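Notes to accompany the following structure.
None of the figures in this text is laboratory data; all of them are computed from the coordinates on show. Since this is a predicted model, take the numbers as computed values, not measurements. Positions of Cβ are generated from backbone atoms using ideal geometry, with glycine treated the same way; all protein chains shown enter the neighbour counts.
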Amino acid sequence: MSTPTELETWLRAWLTQSGGVAGTVHLRKGNDLLLGAAVNIPPKVAEVVRVVPKGKGMAGLAFERDAPISTCNLKADASGDVRPGAKAVDANAAVAIPIHDQHGQVRGVVGIAFMGERELGDEELTRLTAQAEASPYAETA
């Protein structure tokens with residue numbers, strides 16, 4: 001299991017590499033996701049997402065659906081996928097990406113947010129997913 005410091009170090013590097021401005025790493029425990037690391041997430045939001053049930057918010061939906069959940073604008077999203085607390089993050093476009101173990105089971109979810117409203121296309125989602133899956137986090141979650 002990675003330590004919180006190792007997870008945060010990886011997350012900061014991945015955000016820099018990918019052009020993200022904020023992010024989270026959640027680790028699966030049963031039907032919940034536990035916050036393992038957060039970068040540029042307001043403390044109040046970090047507290048709200050400390051434990052995320054399966055199916056709740058972007059991370060919980062990525063876990064439930066076993067698929068990336070994205071939005072082009074956190075603050076204006078009306079889909080119901082983005083919880084009110086996430087709208088407090090100083091970013092716009094965002095995606096929550098499920099990470100898998102060697103048996104294909106969801107082991108956690110990585111979230112990344114970007115400045116500027118935009119649609120995250122299939123090519124970018126594929127690249128971000130591959131990077132997240134290749135991380136040391138994916139192997140140790």
* To do: Please give, to one decimal in nm, the separation of the simple spin-label points placed at Q17 and D32, each 7 Å out from Cα toward the Cβ.
  => 3.1 nm
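Once the piece of chain linking E6 and D101 is laid out straight, how much longer is it, given 0.36 nm per residue of separation minus the C-alpha distance between them? Don't jump to the answer; show the numbers that get you there.
Working: separation 95, 0.36 × 95 = 34.20 nm, distance 1.82 nm.
32.4 nm is the gain from fully extending E6 to D101.
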* To do: Could you please report the charge total around A38, scoring K, R as +1 and D, E as -1 over all other residues with beta-carbon less than 11 angstrom from its beta-carbon?
  => 0
* Between R50 and Q131, what length in nm is gained on full extension when 0.36 nm per residue of separation is reduced by their alpha carbon distance? -> 26.8 nm
